[in-house]
Amino acid sequence: MNLVDLTQYTTNEEKAEEYLREQGILKTFKECPYCQGTRINRVRRFKYKCYSCNHEWGVRRDSILEGLRVPFTKFLIAIKLFEIDTSVREASKQLGLAYNTVYNIHSLMRKAILATDADPAAFSGEIEMDESYFGGRRKGKRGRGAAGKVPVFGILERGGKVTVEVVTDVQGETLLELAIKKVKRGSLIYTDKFRSYNGLVSYGFKHRRIDHGKKFANGKVYINGIEGFWSFAKERLLKYHGVDAQKFPLYLKELEFRYNHRDRDLFDDLIQLLVGYSSVAYTE
Ligand SMILES: [Zn+2]
C-alpha cells in the first residue's frame with residue numbers, strides 16, 4: 001500500500017482501528033475474556049463491555065499494541081516510515097512522538113522479523129554460501145578471523161532469497177550444520193576455497209568452488225549474489241554508525257527481510273508480518 005492509499009485509513013482513529021482489526025493486528029472479540037460470555041458489545045470509544053459480568057476492556061487488549069502508547073493512526077504512519085527506511089530520529093519528528101516511542105515501534109518490527117525465520121530446508125537449486133565479517137571500527141586484520149568483528153554466515157539461492165546468521169565461529173562444523181538445516185540435499189552449492197566447506201559433498205550436496213583470483217574465467221562458478229548482499233548490508237549498516245553487538249542480529253535479519261522482499265509491497269508484507277507475530281505472541 002502506498003502513502004496515498006494509506007491516508008484513507010489515517011484520517012481518524014476509528015478508521016485506523018478498523019483497518020488494524022480487519023488485518024488481524026487488533027483482536028476481534030467474540031466473547032468476554034473474563035467470563036467467556038458472548039453478550040458483549042462495543043461501548044464508548046475503543047472499549048468493549050460484557051453484559052454478563054460487567055467487565056470492560058480496551059480494543060488493544062491481547063494485541064501487540066497493548067503496551068504501545070501510540071494512536072492507531074500514528075502507528076500506521078510509523079510502519080510506513082519504517083518501510084521507507086526513515087531513521088528513528090526523523091520519524092519521531094514527523095510523527096510528533098518521543099524518540100523512545102518510535103524506537104520501540106522499530107524494535108517491535110525487527111523482533112517480528114526475527115521471529116519469522118525461513119522454513120528449514122527451504123533453499124534449493126543453485127546456492128551460494130559465504131561468510132563475512134561485520135563491525136569493528138578499526139582497520140585491523142582483514143578477512144577470516146579478524147579481531148573484534150562478528151562473523152556472519154550467508155546462504156543465497158540464485159534468483160531467490162537469502163538467509164544470514166550470526167555465527168560463533170566459521171569452523172566447518174558450524175557452517176555445515178546450518179547448511180544441512182537450511183538447504184535441501186542434492187542442491188548445487190558454490191563456495192570459495194575456504195576449508196570449512198570441505199565436508200559438503202559427504203552430506204549429499206553437490207559442491208563447486210571458485211577461486212576469487214580468477215572467478216571471471218569460470219563461467220557460472222561465481223558467488224556474486226551473496227557478495228552483492230554483503231555490500232548491500234554493509235552500506236546500510238554504516239548509516240547506524242555501529243550497531244551494538246546485542247542488537248546486531250536484529251538489524252541483520254531486517255536487512256535479510258528487506259533484501260528478500262525487495263520486489264514486493266513492503267508495507268503489506270510488514271502488516272502480515274505483524275499479524276503473524278501477534279499470533280505467536282498471543283496464542284489463544
Ligand atoms: Zn464477562
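The values are calculated or read from the model by the stated rules, or taken from the named source; none is laboratory data. Note that the coordinates shown come from a computational prediction; the quantities given were computed from them, not determined experimentally. Positions of Cβ are backbone-derived with ideal geometry, glycine not excepted, and every protein chain shown enters the neighbour counts.
Before we move on, is Phe72 under 25 Å from Glu14 (Cα atoms), in contact with a His (Cβ under 7 Å, 6 or more places away or on another chain) and in contact (Cβ under 8 Å) with a residue 12 or more places away in the chain?
No; evaluated as a whole, the condition is false for this residue.
Determine whether Val59 is among the hydrophobic types (A, V, I, L, M, F, W, C) and surrounded by fewer than 14 Cβ atoms within 10 Å (Cβ to Cβ).
Judged against the criteria, Val59 is not a match.
Check Ser202, Ser279, Ser187 and return the single one that is exposed (fewer than 13 other Cβ atoms within 10 Å of the Cβ) and either at pLDDT below 90 or within 22 Å of Gly160 (Cα to Cα) (or both).
Matching residue, one of Ser202, Ser279, Ser187: Ser279.
Check region 63-72 and report whether any residue there is under 29 Å from Phe267 (Cα atoms), at pLDDT 95 or above and over 23 Å from the mean Cα position of the chain (by Cα).
Yes, region 63-72 contains at least one residue that is under 29 Å from Phe267 (Cα atoms), at pLDDT 95 or above and over 23 Å from the mean Cα position of the chain (by Cα).
Test Ser92 against the stated conditions and say whether it is polar (S, T, N, Q) and in contact (Cβ under 8 Å) with a residue 12 or more places away in the chain.
Here the answer is no, as Ser92 does not meet what is asked.
Out of all the residues in region 213-222, is one or more under 20 Å from Leu175 (Cα atoms), touching a helix residue (DSSP H, G or I) at 6+ places or on another chain (Cβ under 8 Å) and at pLDDT 90 or above?
No: region 213-222 contains no residue that is under 20 Å from Leu175 (Cα atoms), touching a helix residue (DSSP H, G or I) at 6+ places or on another chain (Cβ under 8 Å) and at pLDDT 90 or above.
Counting only residues that are small (Gly, Ala, Ser) and either part of a helix (DSSP H, G or I) or more than 25 Å from the chain's Cα centre (by Cα) (or both), which one in region 1-52 is farthest from the ligand (Cβ to nearest atom)?
Top of the filtered list is Ala16.
Can you tell me which residues in region 166-186 are touching a strand residue (DSSP E or B) at 6+ places or on another chain (Cβ under 9 Å), touching a residue at least 24 places away in the same chain (Cβ under 8 Å) and under 23 Å from Ala233 (Cβ atoms)?
Val166, Val167, Val170, Leu175, Leu178, Ala179, Lys182, Val183
Residues in region 16-44 that are within 15 Å of Thr73 (Cα to Cα), in contact (Cβ under 8 Å) with a residue 24 or more places away in the chain and surrounded by fewer than 18 Cβ atoms within 10 Å (Cβ to Cβ): how many?
2
Out of region 53-75, which residues are within 15 Å of the ligand (Cβ to nearest atom) and either acidic (Asp, Glu) or closer than 22 Å to Gln23 by Cα (or both)?
Listed by number, the residues that qualify are Glu56, Trp57, Gly58, Arg61, Asp62.
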